[in-house]
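*Asks:* Mind having a look at this structure? Questions to follow.
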Amino acid sequence: MDELYSFMVLSGEPERIYMAFITAIGIVTLGGKVYMFFTMDGLKGATRQVDDIALPNAKPLRYYVDNLMGLGGGDVELAACALGASVKAVSKEELLPGVKVSGIVEFSTKSSVSKATFVF
């Protein structure tokens, strides 16, 4: 499996952010490539706020973020929406290492060639 899978993470609900990362881990584990685009409240998943997000009886979100990045290497791309970051007042300094600032045009381009696009 060498296909690209795109994700739009727009919800800030911990359950949705967790599932975005867990699904991405599954895809990378099977040899797929992942592009994750975080916008509006979903930007929490691309910032240092991941250190403060934890679900009951689960490892902290940071564990899954690090797991994805470690497994995926160059096959994982994380992007923060420029407009969403502006609206939510998220600075570049708050973003996790390796997260780039991008726009909806890039998301549209990536998702148009993806095998599937997930929205969380």
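The values are calculated or read from the model by the stated rules, or taken from the named source; none is laboratory data. Because the structure is a prediction, the values reported are computed rather than measured. In this analysis, Cβ positions are derived from the backbone assuming ideal geometry, glycine residues included, and neighbour counts consider all displayed protein chains.
*Asks:* Within region 95-120, restricting attention to residues that are among the β-branched types (Val, Ile, Thr) and in a strand (DSSP E or B), which residue is farthest from Val9 (Cα to Cα)?
*Replies:* Step one: list which residues in region 95-120 are among the β-branched types (Val, Ile, Thr), which gives 99, 101, 104-105, 109, 113, 117, 119.
If we keep only those that are in a strand (DSSP E or B) as well, we get 101, 117, 119.
Details: Val101: 14, Thr117: 11, Val119: 6 Å.
The qualifying residue farthest from Val9 (Cα to Cα) is Val101.
*Asks:* Please work out which one of (1) at pLDDT below 95; (2) out of contact with any strand residue (DSSP E or B) (no Cβ under 9 Å at 6 or more places or on another chain) is the condition Asn67 fails and give its number.
*Replies:* Here Asn67 clears every test but (1).
*Asks:* Now for a different question. Provide a single number: the residues in region 3-60 that are closer than 13 Å to Val99 by Cβ, hydrophobic (A, V, I, L, M, F, W, C) and touching a Cys at 6+ places or on another chain (Cβ under 8 Å).
*Replies:* Selection size over region 3-60: 3.
*Asks:* Quick one: which residue in Val65, Val28, Val105 is over 16 Å from Tyr5 (Cβ atoms), β-branched (Val, Ile, Thr) and buried (at least 20 other Cβ atoms within 10 Å of the Cβ)? Show your work before the answer.
*Replies:* On the way: Val28 fails: over 16 Å from Tyr5 (Cβ atoms); Val105 fails: buried (at least 20 other Cβ atoms within 10 Å of the Cβ).
Just a single option satisfies the conditions, and that option is Val65.
*Asks:* Here is a follow-up. Among the residues of region 69-94, which ones are outside any helix (DSSP H, G or I) and either loosely packed, with under 15 Cβ neighbours inside 10 Å or under 16 Å from the mean Cα position of the chain (by Cα) (or both)? Spell out how you get there, then give the answer.
*Replies:* Taking region 69-94 as the starting set, the residues that turn out to be outside any helix (DSSP H, G or I) are 76-81, 88-91.
If the condition is that a residue be outside any helix (DSSP H, G or I) and either loosely packed, with under 15 Cβ neighbours inside 10 Å or under 16 Å from the mean Cα position of the chain (by Cα) (or both), then Val76, Glu77, Leu78, Ala79, Ala80, Cys81, Ala89, Val90, Ser91 are the ones that fit.
*Asks:* Then there's this: Look through Gly98, Gly73 and report the one residue that is modelled with pLDDT under 95 and either over 19 Å from Asp2 (Cβ atoms) or of a type in the set (Lys, Arg) (or both). Walk me through it before giving the result.
*Replies:* Details: Gly73 fails: either over 19 Å from Asp2 (Cβ atoms) or of a type in the set (Lys, Arg) (or both).
Being modelled with pLDDT under 95 and either over 19 Å from Asp2 (Cβ atoms) or of a type in the set (Lys, Arg) (or both) holds for just one of Gly98, Gly73, which is Gly98.
*Asks:* Do we have any residue at all in region 52-68 that's among the polar types (S, T, N, Q) and either in a strand (DSSP E or B) or in contact with a Gly (Cβ under 8 Å, 6 or more places away or on another chain) (or both)?
*Replies:* Here is the first cut: in region 52-68, the ones among the polar types (S, T, N, Q) are 57, 67.
If we keep only those that are either in a strand (DSSP E or B) or in contact with a Gly (Cβ under 8 Å, 6 or more places away or on another chain) (or both) as well, we get none.
Checked against the condition, which is being among the polar types (S, T, N, Q) and either in a strand (DSSP E or B) or in contact with a Gly (Cβ under 8 Å, 6 or more places away or on another chain) (or both), region 52-68 yields no hits at all.
*Asks:* Sort through Tyr35, Tyr18 and tell me the only one that's crowded, with 19+ Cβ neighbours inside 10 Å and in contact with a Lys or Arg (Cβ under 7 Å, 6 or more places away or on another chain). Walk me through how you get there before you give the answer.
*Replies:* Details: Tyr18 fails: in contact with a Lys or Arg (Cβ under 7 Å, 6 or more places away or on another chain).
That would be Tyr35, the only listed residue that is crowded, with 19+ Cβ neighbours inside 10 Å and in contact with a Lys or Arg (Cβ under 7 Å, 6 or more places away or on another chain).
*Asks:* Determine whether region 1-11 contains at least one residue that is assigned to a helix (DSSP H, G or I), modelled with pLDDT of 95 or more and within 19 Å of Val119 (Cβ to Cβ).
*Replies:* The first filter runs over region 1-11 and keeps only residues assigned to a helix (DSSP H, G or I), leaving none.
Checked region 1-11: no residue is assigned to a helix (DSSP H, G or I), modelled with pLDDT of 95 or more and within 19 Å of Val119 (Cβ to Cβ).
*Asks:* Residue check: is Ala58 buried (at least 16 other Cβ atoms within 10 Å of the Cβ), modelled with pLDDT of 95 or more and of a type outside the set (Ser, Thr, Tyr)? Quick ask: steps written out before the conclusion?
*Replies:* Numbers: buried (at least 16 other Cβ atoms within 10 Å of the Cβ): no; modelled with pLDDT of 95 or more: yes; of a type outside the set (Ser, Thr, Tyr): yes.
No, not satisfied.
*Asks:* Do the conditions hold for Lys92, that is, is it within 18 Å of Met1 (Cα to Cα), among the basic types (Lys, Arg) and in contact with a strand residue (DSSP E or B) (Cβ under 7 Å, 6 or more places away or on another chain)?
*Replies:* Details: within 18 Å of Met1 (Cα to Cα): no; among the basic types (Lys, Arg): yes; in contact with a strand residue (DSSP E or B) (Cβ under 7 Å, 6 or more places away or on another chain): yes.
So Lys92 does not fit the description; no.
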